[in-house]
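As structure tokens, the structure follows; a few thoughts come after it.
None of the figures in this text is laboratory data; all of them are computed from the coordinates on show. This one's a predicted model, so the numbers in the text were calculated from it and none came from an experiment. Methodologically, a virtual Cβ is constructed for each residue, glycine included, from the backbone with ideal geometry; neighbour enumeration extends over all protein chains shown.
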């Protein structure tokens, strides 16, 4: 049976994070949503997504196909309900399609809004991702679930005695390394992935995950619930933030209640605000309405899409959204919505980041990661996103 992660209109409400990936490729907790389903069902998976993403995120259809809504994170009850589906049957909650099991011919014409003759209703509750802030809001719950999923019936590496580990919910893969650090699991589990390093003098309070090949620099302070994705390097102070991968926040500065995409670089001594001076609720730019949407949150920091760079001492105001490929620098607070492929900031104003210039920089960034190639699929996605977002660059 093929597992296929599809997306409904959540890919629109999750912009700009989903310009460059399917919804199911969002990382929350330790794993991406697709990886969670793959592990729960012990199956390989593919994606049913927008045409310009399909080259990188392949679709594989067989005689028996289980389509799963990529905005839904699995848990025991939901996995059981999905696994019980028979061919031709769908699972819905409040009219929203969660899953459908289809034969080859029906799978080739799959439409999430189609009518299904046999529908089971799901009564359970779970974690669903609909807006960018859901990533850090729900990261604690997902991190705890993923910790159990990845460590069940396994034994952690015994860490160096120079470390202090408080509590029992600590797990390090065999080649993780740390010296002279403090790990507190009183408030949540801590997971150190393969080939990870935590440098001397770091203090980490769970829930926390450090994914494969990432590093935490000396003297870093991290509070839960925080996830650092693969191939990242971080330092300074981090609180309830999710970094997806291949991104760097290598210096002092504060990052809190935030999401940082892939291939981002945060300059030294950059900070984001996560609380307004008047303690009012935070609004975020919404691509679907081209206006600011109330999040209902008092604490909400920075939403940074893929390929964003910011200069040293950048100050991000509460509830800032930085679009794909933007390059932000200069004194003062940049706008709380920096359109995709913008260049500049408060001091010098914003202008369009020339696509050729952007691609030249991006190629250099990829060259530093030997196992990731800046191939035709990657280039094609960025070219399409540049055109899709042109309408927002109104300076």
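Rounded, prolate or oblate, given the Cα gyration tensor of the stretch 2-121, with a/c below 1.5 counting as rounded?
Rounded, because the longest to shortest axis ratio a/c is under 1.5.
Please find, in a Gaussian network model of the chain (springs between Cα atoms separated by less than 10 Å), the residue of 372, 144, 130 whose mean-square fluctuation is greatest.
Sorting by GNM fluctuation, first place goes to 372.
So how compact is the chain: Cα radius of gyration and Dmax in angstrom?
Radius of gyration, then largest Cα-Cα span, for the chain: 20.9, 62 Å.
Which order results if 286, 115 are arranged by neighbouring Cβ count within 10 Å, fewest first?
Exposure proxy ranking, most exposed first: 115, 286.
Could you sort 202-210, 36-44 so that the peptide with the highest average Cβ count within 10 Å comes first and the rest follow in order?
Output ranking for 202-210, 36-44: 202-210, 36-44.
Determine, for 343, 244, the number of other Cβ atoms within 10 Å of each Cβ, and report the residues in order from fewest to most.
Least to most surrounded, the residues fall as 343, 244.
What does the helix-only formula give at 222 nm for the chain: each DSSP H stretch with n ≥ 4 adding -39500 (n - 2.57), the total divided by the residues, and the result rounded to the nearest 500 deg cm²/dmol?
-5000 deg cm²/dmol
Please state the relative contact order of the chain as a whole percent: Cα pairs under 8 Å, 6+ residues apart?
10
If I build a Gaussian network model for the chain, linking alpha-carbon pairs within less than 10 angstrom, which residue out of 114, 322, 99 has the largest mean-square fluctuation?
114
If I build a Gaussian network model for the chain, linking alpha-carbon pairs within less than 10 angstrom, which residue out of 302, 87, 78 has the largest mean-square fluctuation?
Of 302, 87, 78, the most mobile in the Gaussian network model is 87.
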